[in-house]
Amino acid sequence: MNLGVGAVALGWGTWSWDWGSGGPRFQDEGWFGRTTGEGGADKLGHAWSGYALSHLFAHSYERFGYGRTDAARYGAFSSLGVMTAIEIGDAFSDDYGFSYQDMLFNTAGAALGYALWEYPEIKRKFDFRAEYDPFPRGKRQLDVTTDYQRLKYLIAVKADGFEAVTDPVLRHLEFHVGYYARNYDSYSGTGASDRRERHFYIGVGLNLTKLLAPYVDTGGVLNYVQAPYSYISVDRSFDRR
C-alpha cells in the first residue's frame, strides 16, 4: 500500500510539479508573510495533506487488523513517509526545491492525525478541514490541491462533541477558525498591481455530517472537507487597505 501511494505521488509529481527539471536544491520559502509565494496557505495545505493522509492510512491499517494505537502510529509514519518523498521530489524541480518549512508542516499534520486517531474523544470535538470553492475569479489550477485562490483551511469545533451541549439545535452547529490567501497567482512581480491578501476568519456553520446522518452516509468525508456556503463568518484581511 505504501509503495502504491508513493508510486502515484511520483507519477503525479513528475507530470504536474516538474520533478526532474533540475536540482537537487533547497529553498527557504518563508512562513506566512505577505511576500511569500502563497501567503502561507501552502503551509496549511501541507499540514492538511499530512493530516488527511495519516487518517487514510490509519483507517486502512485498522481494516488490515491492527489495533487503534498501532494504526494511528503507522498511519502517521506512512503519511510522513509519503510527504517526505514528495518534498524530496520537489528538491529536483526548478519551480520548487526542498523546503524545511513544508517539512515542518508535513510533520505537524501527521502528528495531529496521530493524536486525533489515537484519541477519538478529541476527534469528536475537532476537525481539520480544507474548503474548495470553485467560484472565485482568477487563474484556475488543474491540480486543485495547489489552487490556493480557491482553498481555505480551518479548524471546526463541533458542539455535538461536547456533552455539556444538550440543546438539539445547538448540537447541529460548529465554530470555525480559518485562514486563506487570495490573488497570489495573479501577481507578476515588482511594479505590477499588487492585490495579494491574507485572511483570517471566524464563523458558525452547520455540522453537515450530523445534519445529513438520518438520510445520507457521508462516510466521514465531511470531517475533512468543508462544504462552501454552509456557514456564516466574520473576515479580517491583514493586507486590504
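Look at D235 and say whether it is more than 22 Å from the chain's Cα centre (by Cα), touching a residue at least 12 places away in the same chain (Cβ under 8 Å) and closer than 15 Å to A41 by Cβ. So D235 does not fit the description; no.
Here is a yes/no grid of residues against (1) in contact (Cβ under 8 Å) with a residue 40 or more places away in the chain; (2) of a type in the set (A, V, I, L, M); (3) more than 21 Å from N207 (Cβ to Cβ); (4) open to solvent by less than 40 Å² (accessible area, probe 1.4 Å):
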| position | (1), (2), (3), (4) |
| --- | --- |
| A91 | yes, yes, yes, yes |
| A110 | yes, yes, yes, yes |
| Y114 | yes, no, yes, no |
| R129 | yes, no, no, yes |
| D133 | yes, no, no, yes |
| R140 | no, no, yes, no |
| Y148 | yes, no, yes, yes |
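Residues in segment 170-181 that are charged (D, E, K, R) and either over 23 Å from L44 (Cα atoms) or surrounded by fewer than 16 Cβ atoms within 10 Å (Cβ to Cβ) (or both): R171 alone. On the basis of being within 21 Å of A47 (Cβ to Cβ), in contact with a Phe, Trp or Tyr (Cβ under 8 Å, 6 or more places away or on another chain) and in a loop (DSSP other than H, G, I, E, B), does Y184 make the cut? Spelling it out, Y184 is indeed within 21 Å of A47 (Cβ to Cβ), in contact with a Phe, Trp or Tyr (Cβ under 8 Å, 6 or more places away or on another chain) and in a loop (DSSP other than H, G, I, E, B).
Here is the figure for segment 187-216: residues that are open to solvent by 30 Å² or more (accessible area, probe 1.4 Å), within 20 Å of P168 (Cα to Cα) and not small (G, A, S) total 10. Look at W19 and say whether it is part of a helix (DSSP H, G or I), more than 30 Å from F200 (Cα to Cα), of a type in the set (A, V, I, L, M, F, W, C) and open to solvent by 20 Å² or more (accessible area, probe 1.4 Å). When the stated conditions are applied, W19 does not pass them.
The values are calculated or read from the model by the stated rules, or taken from the named source; none is laboratory data. The structure presented is a predicted model; accordingly, all values stated were derived computationally and were not measured. Neighbour counts are summed over all protein chains in view; Cβ atoms, including those assigned to glycine, are modelled from backbone coordinates with ideal geometry. Only protein heavy atoms, including side chains, enter the accessible area calculation; ligands, DNA and RNA are left aside. Shrake-Rupley method; radii C 1.70, N 1.55, O 1.52, S 1.80 Å.
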